[in-house]
Every structure is written in C-alpha cells, then in structure tokens.
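The values are calculated or read from the model by the stated rules, or taken from the named source; none is laboratory data. The structure displayed is predicted, hence computed values, not measured ones. Glycine also receives a Cβ, built like all others from the backbone with ideal geometry; neighbour counts cover every protein chain displayed.
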Amino acid sequence: MQFVKKRWSRDVTEKSDALDLEPKVFTHESPRRIAESLKRSAEHSKRRKSDPYRSAMSMLTFYINRAGKNLPKQRRERLESAKDELRALFGRKRGHA
C-alpha cells in the first residue's frame, strides 16, 4: 500500500488541472477580491476543463469543503460571500449553473 500524503488537498489546489491560482487567493480579507482573483484565474487558465464560471466556483467550493471544520467561522463566511461575489461577476443568479 502506498503512503498517502496528509496534505493531498493542498497539492490538488496548487497543482491540479483545474486552474492556475494566484498565491494565497483564499486568504484575502475581501470576498470581492477572492472572487475577482478566481475569475481572472479561470479566464486565463489553459488547464481548466470547463467554462470559467464553473471552474472558479468549483475550486472555491472544493477549498471550503476540504477545509471543513478546521475553517474559522469568520473565514468560512468570507469564502461563502465570495461565492455570491463570483456569481455577480459572471452575471449568474444563485441556484443557476
């Protein structure tokens, strides 16, 4: 059996085929800044597999889910707000793909 890295989700976030992310994108204080960074990354990435909106939202959701219970409440709320900002930047409404 092969040894599984403890921080495999960090590797996915940093090295996956999903997006080329700006460093520390998920640590910004402003939900808008997080969303703008993800949008920029999604629109410029040559490695993404789906449309820019879906790629950006997937990466944000992945990060929130992988952080799980270890994510402080205030930071989780900021990241959830970034989802709304991302929807607005792409002209999407909540609940629509």
**Which numbered condition GLU29 fails, given (1) modelled with pLDDT of 85 or more; (2) surrounded by fewer than 15 Cβ atoms within 10 Å (Cβ to Cβ); (3) closer than 20 Å to ARG92 by Cα** = (3)
**Asked** In this structure, is SER37 within 13 Å of the chain's Cα centre (by Cα) and among the polar types (S, T, N, Q)?
**Response** yes
**Request:** Could you grab me the full set of residues in region 73-82 that are farther than 14 Å from VAL25 by Cβ and either in contact with a Lys or Arg (Cβ under 9 Å, 6 or more places away or on another chain) or exposed (fewer than 10 other Cβ atoms within 10 Å of the Cβ) (or both)?
**Result:** LYS73, GLN74, SER81
**Prompt:** Among the numbered criteria (1) under 12 Å from the mean Cα position of the chain (by Cα); (2) exposed (fewer than 15 other Cβ atoms within 10 Å of the Cβ); (3) charged (D, E, K, R), which single criterion is violated by LYS46?
**Reply:** (1)
